[in-house]
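Trainee: Shown below is the structure under consideration.
The values are calculated or read from the model by the stated rules, or taken from the named source; none is laboratory data. It should be emphasised that the depicted structure is a prediction, and the values quoted were computed from it without experimental measurement. Cβ sites come from the backbone with ideal geometry, for glycine too, and all protein chains shown count toward neighbours.
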Amino acid sequence: MVEIIPSIIAKDFTELKDKLEQLEGLITWAEIDVMDNVFVPNGTWPFSANRQAPEDLKELGGKTKLSAHLMVEFPETVVDDWRDLVDRLVVHYEATNNLEKIIESVGPHVGLAIALELRTPVEKIYEYLGNIKVVQLMSIEKVGFSGEKFDERVFDKIKTLKTNWPDVKIIVDGGVNLENGKRLAEAGVNGLIVGSQIWGADNIKEKIKEFQKL
C-alpha cells in the first residue's frame with residue numbers, strides 16, 4: 001500500500017501544531033514544507049520572520065513521524081538545526097553544491113531524501129543513491145505553492161528510477177489527487193505527498209481514508 005503523507009505549509013508554529021493535531025492517529029508521516037523565500041518565492045515557519053532554528057518542535061508530543069522538506073537555498077547551513085528534531089530531511093539537489101557534505105553531516109541521525117525538480121534528469125543523482133535510499137520527485141513545475149497542477153512528465157522519471165534503481169524508495173510531491181494518485185500507486189511509487197486535496201476537504205479524516213485506499 002502506498003504511504004499517504006500530508007504536507008503542511010504553515011505561516012507560524014501555532015498553525016503547524018494545529019494541523020499536526022488534526023492528523024494525529026490518522027497517518028504515520030506528515031511533511032513540513034520549509035521555505036526561505038529565496039530558493040522558492042514563498043516563506044513559511046520558521047523562516048517567515050527571520051532565519052531561526054526550529055526548536056519549537058521539541059514541544060510536540062504526538063506520534064506522527066515528521067519529514068522536513070527543506071526548500072531552502074544552501075540547505076547545508078541549516079541541516080544541523082533540523083536533524084535531531086525530525087525523522088527525515090528532504091533536501092533539493094538544485095539548492096546545493098555540497099550534497100556530499102550534507103550526507104556526511106546528517107549521518108545516522110535521521111533519514112535523508114533527495115528532492116528533484118521536474119527540470120532535473122534523474123541521472124544527476126545516481127552517484128548519491130548508494131548512500132541515499134529515498135528520492136522525492138516533484139510533480140509540479142512551480143515549487144513552493146499548494147494547489148499547483150500535476151505534471152505528467154514525472155511518470156517517465158519514475159519509470160527510469162524503477163528500472164535502474166529498483167530498491168530506491170520513490171515519493172511523489174505536487175498536485176496529487178485521487179485520480180493521478182491511483183496511477184502513481186500503479187506505477188510503483190512508495191509514497192504520495194498530498195496537500196490541498198486534504199486541507200481543502202470538508203472532512204479531512206474521510207479524505208485521508210480515500211487516499212489510503214489507493
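Trainee: Of all residues in the stretch 162-184, which are within 17 Å of the chain's Cα centre (by Cα) and either among the aliphatic types (A, V, I, L, M) or at negative phi (or both)?
Mentor: Val168, Lys169, Ile170, Ile171, Val172, Asp173, Val176, Asn177, Gly181, Leu184
Trainee: Let me ask another. Suppose we keep only residues that are free of Cβ contacts under 8 Å to residues at least 24 places away in the same chain and hydroxyl-bearing (Ser, Thr, Tyr) within the stretch 66-114. Which one would you say is surrounded by the most Cβ atoms within 10 Å (Cβ to Cβ)?
Mentor: Filtering first and then ranking leaves Thr96.
Trainee: Taking Lys169 and the conditions (1) farther than 14 Å from Gln136 by Cβ; (2) surrounded by 14 or more Cβ atoms within 10 Å (Cβ to Cβ), which numbered condition does it fall short on, given that it satisfies the others?
Mentor: Among (1) farther than 14 Å from Gln136 by Cβ; (2) surrounded by 14 or more Cβ atoms within 10 Å (Cβ to Cβ), Lys169 violates only (1).
Trainee: Any residue at all in the stretch 132-144 that is polar (S, T, N, Q) and not in a helix (DSSP H, G or I)?
Mentor: Yes, the stretch 132-144 has at least one match.
Trainee: May I pose another question? Mind checking which residues of the stretch 58-95 are touching a Pro at 6+ places or on another chain (Cβ under 8 Å), among the small types (Gly, Ala, Ser) and over 19 Å from Leu192 (Cβ atoms)?
Mentor: Answer for the stretch 58-95, where residues must be touching a Pro at 6+ places or on another chain (Cβ under 8 Å), among the small types (Gly, Ala, Ser) and over 19 Å from Leu192 (Cβ atoms): just Ala95.
Trainee: Yes or no: Gly62 loosely packed, with under 15 Cβ neighbours inside 10 Å, at pLDDT 90 or above and in a loop (DSSP other than H, G, I, E, B)?
Mentor: Considered against the rule, which asks whether it is loosely packed, with under 15 Cβ neighbours inside 10 Å, at pLDDT 90 or above and in a loop (DSSP other than H, G, I, E, B), Gly62 comes out as no.
Trainee: Same structure again: Select from the stretch 9-32 the residues that are part of a strand (DSSP E or B) and touching a residue at least 60 places away in the same chain (Cβ under 8 Å) and write down the one among them that is farthest from Arg83 (Cα to Cα).
Mentor: Trp29
Trainee: Working only within the stretch 172-182, note down all residues that are free of Cβ contacts under 8 Å to residues at least 60 places away in the same chain, surrounded by 13 or more Cβ atoms within 10 Å (Cβ to Cβ) and assigned to a helix (DSSP H, G or I).
Mentor: The answer is Leu178, Asn180, Lys182.
Trainee: Sticking with this one: Scan the stretch 183-203 residue by residue and report those that are part of a helix (DSSP H, G or I), more than 12 Å from Ile4 (Cβ to Cβ) and at pLDDT 95 or above.
Mentor: Within the stretch 183-203, Arg183, Glu186, Trp199 meet the criteria.
Trainee: Looking only at the stretch 1-52, which residues are over 14 Å from the mean Cα position of the chain (by Cα) and among the acidic types (Asp, Glu)?
Mentor: Asp12, Glu15, Asp18, Glu21, Glu24, Asp36
Trainee: Oh, and also: Can you confirm whether Glu117 is closer than 30 Å to Leu26 by Cα, at pLDDT below 90, of a type outside the set (A, V, I, L, M) and surrounded by fewer than 20 Cβ atoms within 10 Å (Cβ to Cβ)?
Mentor: no
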